[in-house]
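Some notes on the structure that comes next.
The values are calculated or read from the model by the stated rules, or taken from the named source; none is laboratory data. The structure presented is a predicted model; accordingly, all values stated were derived computationally and were not measured. Quick reminder, even Gly has a Cβ in these numbers, built from the backbone with ideal geometry, and neighbours come from all protein chains shown.
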Amino acid sequence: MVNRTALAMTALAGMTFVISGCYSPGGGAMPSSTSALTYLSTERSLKTVKMIDIRNNEEFFSIDVPPDRQLVIVFDEGKGDNPQITPDLLRYEVMPQGTSMGTLHNAMTVPNAASRRIDVYVSQGPEYAKTPNGEKLLRTDEVTNRPDWWTPKGGPMPDDKSRSLYDK
């Protein structure tokens with residue numbers, strides 16, 4: 001027989017792992033200063049995220065988040081390359097909005113939490129999101145999409161007895 005306490009503890013540990021790894025603007029179900037930070041950018045609220053080393057007032061990181069994307073950043077304390085100047089590791093990724101889990105592929109060493117400041121700038125849009133794969137969305141109100149008989153050029157009307165207006 002399976003020990004119910006062990007099973008409950010395993011389920012709780014699994015849920016804690018899943019909840020703590022979520023990327024959401026509010027910090028997920030259990031937000032903390034060490035969890036992932038997520039910045040959403042929309043067509044009406046474009047975000048630019050900058051990080052400043054407050055010891056010398058120098059900007060060491062800046063990124064413009066495209067509309068309909070989110071920037072996720074995580075700081076790993078003590079994983080940097082220099083214990084005095086850059087003791088922490090910043091991991092980040094720009095991903096589609098709504099992505100709640102995933103690998104952060106970009107990284108750089110950064111000052112510790114007491115020596116860095118995050119500035120978020122919001123610019124008012126609109127700046128429209130790019131269509132997937134750069135494809136143009138179908139619009140039926142463009143002249144190129146209208147039949148000849150519906151334009152100033154003119155042309156024969158469709159024979160409504162043999163086919164529907166929408167058949168080709």
(message) Where the second residue is surrounded by fewer than 17 Cβ atoms within 10 Å (Cβ to Cβ) and basic (K, R) and the first is free of Cβ contacts under 8 Å to residues at least 12 places away in the same chain and lies in segment 42-68, which pairs have Cβ atoms under 6 Å and are six or more apart or on separate chains?
(response) E59/K50
(request) Test each condition in (1) modelled with pLDDT of 95 or more; (2) crowded, with 18+ Cβ neighbours inside 10 Å for G80 and report the one that comes out false. (result) (1)
(request) Keeping to segment 73-129, report how many residues are of a type outside the set (D, E, K, R), within 23 Å of C22 (Cβ to Cβ) and part of a loop (DSSP other than H, G, I, E, B). (result) 9
(request) Please state which of the following conditions T48 fails to meet, knowing it meets all the rest: (1) surrounded by 18 or more Cβ atoms within 10 Å (Cβ to Cβ); (2) touching a Ser or Thr at 6+ places or on another chain (Cβ under 8 Å). (result) (1)
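Considering only residues that are without any contact (Cβ under 8 Å) to a residue 24 or more places away in the chain and either of a type outside the set (A, V, I, L, M, F, W, C) or in contact with a Phe, Trp or Tyr (Cβ under 6 Å, 6 or more places away or on another chain) (or both), look in segment 80-93 and name the one that is nearest to Y128 (Cα to Cα). Before the answer, list the steps.
Within segment 80-93, the subset without any contact (Cβ under 8 Å) to a residue 24 or more places away in the chain is 83-84, 89, 91, 93.
Filter once more, so that each one left must be either of a type outside the set (A, V, I, L, M, F, W, C) or in contact with a Phe, Trp or Tyr (Cβ under 6 Å, 6 or more places away or on another chain) (or both): 83-84, 91, 93.
Details: P83: 43, Q84: 43, R91: 27, E93: 21 Å.
So, considering only residues that are without any contact (Cβ under 8 Å) to a residue 24 or more places away in the chain and either of a type outside the set (A, V, I, L, M, F, W, C) or in contact with a Phe, Trp or Tyr (Cβ under 6 Å, 6 or more places away or on another chain) (or both), the one nearest to Y128 (Cα to Cα) is E93.
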(request) Tell me which of these N133 doesn't satisfy, since it passes every other one: (1) outside any loop (DSSP other than H, G, I, E, B); (2) modelled with pLDDT of 70 or more; (3) within 19 Å of P66 (Cβ to Cβ). (result) (2)
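Could you grab me the full set of residues in segment 57-72 that are within 14 Å of S115 (Cα to Cα) and not in a strand (DSSP E or B)? Write out each step before concluding.
Narrowing segment 57-72 to residues within 14 Å of S115 (Cα to Cα): 57-61.
Hit for segment 57-72 is N57, nothing else.
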